[in-house]
Amino acid sequence: MTIPSFETQMAAWQRYADARRKADQTLSFEDGRDAADAFKEFLNVYLDDDRKLPTRSGGGNVAIFPVHKTRSPAPLPRGGA
């Protein structure tokens, strides 16, 4: 493996650091997932091609449901509807 340039290393680190700060500030799931992706990209700078971590493409396999669709419906009134 060739050692990546200092600029490449710092660019990957900066992308991760920025994404991590944003996730820490917003506590948003999406921002946290973006920070995790940026960290994997940072690690991949140092890994051989056959050992690189997979990166997420597209929407991934995580579904985010609107809160109003995940709560139980209100109970039916007694005595018929």
>> Pairs please, first residue from segment 41-56 and under 15 Å from Pro4 (Cβ atoms), second anywhere and open to solvent by 90 Å² or more (accessible area, probe 1.4 Å) and in a helix (DSSP H, G or I), Cβ atoms under 9 Å, 6+ apart in sequence or on different chains.
In response: Glu41/Arg15; Phe42/Trp13; Phe42/Arg15; Asn44/Arg51; Val45/Trp13
>> Just to be sure I understand, how many residues within segment 1-34 are of a type outside the set (Phe, Trp, Tyr) and either open to solvent by 100 Å² or more (accessible area, probe 1.4 Å) or touching a Pro at 6+ places or on another chain (Cβ under 9 Å) (or both)?
In response: 11
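The values are calculated or read from the model by the stated rules, or taken from the named source; none is laboratory data. Everything numeric here is computed off the predicted structure, so don't read it as measured data. Cβ atoms come from the backbone with ideal geometry, glycine included; neighbour counts cover every protein chain shown. Each accessible area value is taken on the protein alone, full model and side chains, heavy atoms only, with ligands, DNA and RNA left out. Shrake-Rupley method; radii C 1.70, N 1.55, O 1.52, S 1.80 Å.
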